[in-house]
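FYI, it's all coordinate maths here, none of it is from the lab. Note that the coordinates shown come from a computational prediction; the quantities given were computed from them, not determined experimentally. Please note: Cβ atoms are built from the backbone with ideal geometry, for glycine as well, and neighbour counts cover all protein chains shown.
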Amino acid sequence: MADPVTGSEHSLNQRPVIRIFHNMARSGGTMVCKCIGAMEPVRLFSEIHPAANQVEYLNLTDQAHRWYGLATTEDVDAVYPFVEGLRRVHRRCIAEGYQMVLRDWAVIDFLGRILVEQPVYRHSLNHVLKDHFDIVEVSLVRHPLDQWLSTCRLNIYRDKIDSADFFLGYLKYVEAAAGHFIRYEDFTAAPGVVMQDICHQLALEYDPGFIDRWHHNRYITGDNKNSSRGSKGDSASVIRPLPRREVEPAFKAQIEQDENYQRVISLLGYQDAGYSS
């Protein structure tokens, strides 16, 4: 594994280290990743997933070219197979002294409906990279009720997924994190402190200057200011906790009987932290 102090780019067996930041839709991942990507010398690639390799703006080589100048137009035109394209950009990052981070597109794997119909309940990115890299990872989580209330409003999921399906997928996502997670609510309450934890888990050099630069970082996908709460007007540069949307009493009673929902809040410690439903 990578040394969390030195950020070594190779493990003891000399396999290259790859850093992965997992997040589900509507978990605050865009904002947190803008913060990670605002640190020097990080180069963050956004919503990377094997199933999205043919999507131009989600192709890692395309992002490397347009955002960072780490690939040529010839590289982009070549449309390398997923692992080969990633390995080429990874080598270029190391050669130029950058620390590469992949923001996963985990909602594909745990909810489906985007590019694939059915969820596979595992991180496809990890699955295709585990034989080529040593993986260093951390997962972003958010209270499951807040995340459902936001996810069900997305056009792609509206009237296509119910809360039972969502909480099952979210439980599988939380279990895949295996305890290596940071909570969105904790980040918004103390971004500097939690960013140091993220850096430790991902073997990144901590740069406190991110707090002044993150809102200028445009090297990201999913930055939809029409749907992202907290990204509008004068508040665009402010990291702050968000209030919960109103919950119908009948729905609140329903989820209190959902075993998967209860298991998630238990695993993530929200009850003890004052985030209970």
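The table below gives the values:
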{"quantity": "Within the chain, percent of DSSP bridges classed antiparallel, to nearest 5", "calculated": "5 percent"}
{"quantity": "The stretch 4-132: C-alpha gyration tensor shape, a/c 1.5 cut-off, then a/b vs b/c", "calculated": "rounded"}
{"quantity": "Amide H contacts under 5 Å for Asp134, placed H, 5+ residues apart", "calculated": "Val17, Ile18"}
{"quantity": "Near-label residues of the stretch 131-148 by backbone N, under 19 Å of a point 7 Å along Cα→Cβ of Phe251", "calculated": "142-148"}
{"quantity": "Expected 222 nm ellipticity per residue - DSSP helices of 4 or more, -39500 (n - 2.57), all of the chain, to 500", "calculated": "-10000 deg cm²/dmol"}
{"quantity": "Proxy reagent accessibility, fewest Cβ within 10 Å first, across Cys93, Cys35, Cys152", "calculated": "Cys152, Cys93, Cys35"}
{"quantity": "Which of Asp212, Asp159 has the fewest Cβ neighbours within 10 Å, and the rest in rising order", "calculated": "Asp159, Asp212"}
{"quantity": "Residues Leu70, Leu168, sorted so that the one with the fewest Cβ neighbours within 10 Å comes first", "calculated": "Leu168, Leu70"}
{"quantity": "Cα centre as origin, Lys/Arg/Asp/Glu Cβ charges: the chain dipole, Debye", "calculated": "440 debye"}
{"quantity": "Tilt relative to the chain, helix 163-177 - C-alpha long axis, 0 to 90 degrees, to 10", "calculated": "40 degrees"}
{"quantity": "Segment Thr72-His200, extension gain: residue separation times 0.36 nm, minus the distance between their alpha carbons", "calculated": "42.9 nm"}
{"quantity": "Pairwise FRET efficiency - Val193 versus Val83, Cβ, R0 = 41 Å, nearest 0.05", "calculated": "0.70"}
{"quantity": "For the stretch 111-121, 3J(HN,Hα) per residue [Karplus equation, 6.51 cos²θ - 1.76 cosθ + 1.60, θ = phi - 60°, Hz, x = Gly/Pro]", "calculated": "10, x, 6, 10, 6, 10, 7, 9, x, 9, 6"}
{"quantity": "Most positive-pole-ward Cα, Thr72, Ser237, Leu267, against dipole of the chain from beta carbon charges", "calculated": "Ser237"}
{"quantity": "Residues listed by number, the stretch 146-177, amide nitrogen under 14 Å from Leu242 label point at 7 Å toward C-beta", "calculated": "146-155"}
{"quantity": "Acute angle (nearest 10 degrees) that the helix 82-95 long axis makes with the longest principal axis of the chain, alpha-carbon atoms", "calculated": "60 degrees"}
{"quantity": "Over the chain - Rg/Rh using Cα atoms and the Kirkwood inverse-distance radius", "calculated": "0.95"}
{"quantity": "Within-13-Å neighbourhood charge of Ala52 [Cβ basis; K, R +1; D, E -1]", "calculated": "-4"}
{"quantity": "Highest average packing first - 15-23, 190-198, Cβ atoms within 10 Å", "calculated": "15-23, 190-198"}
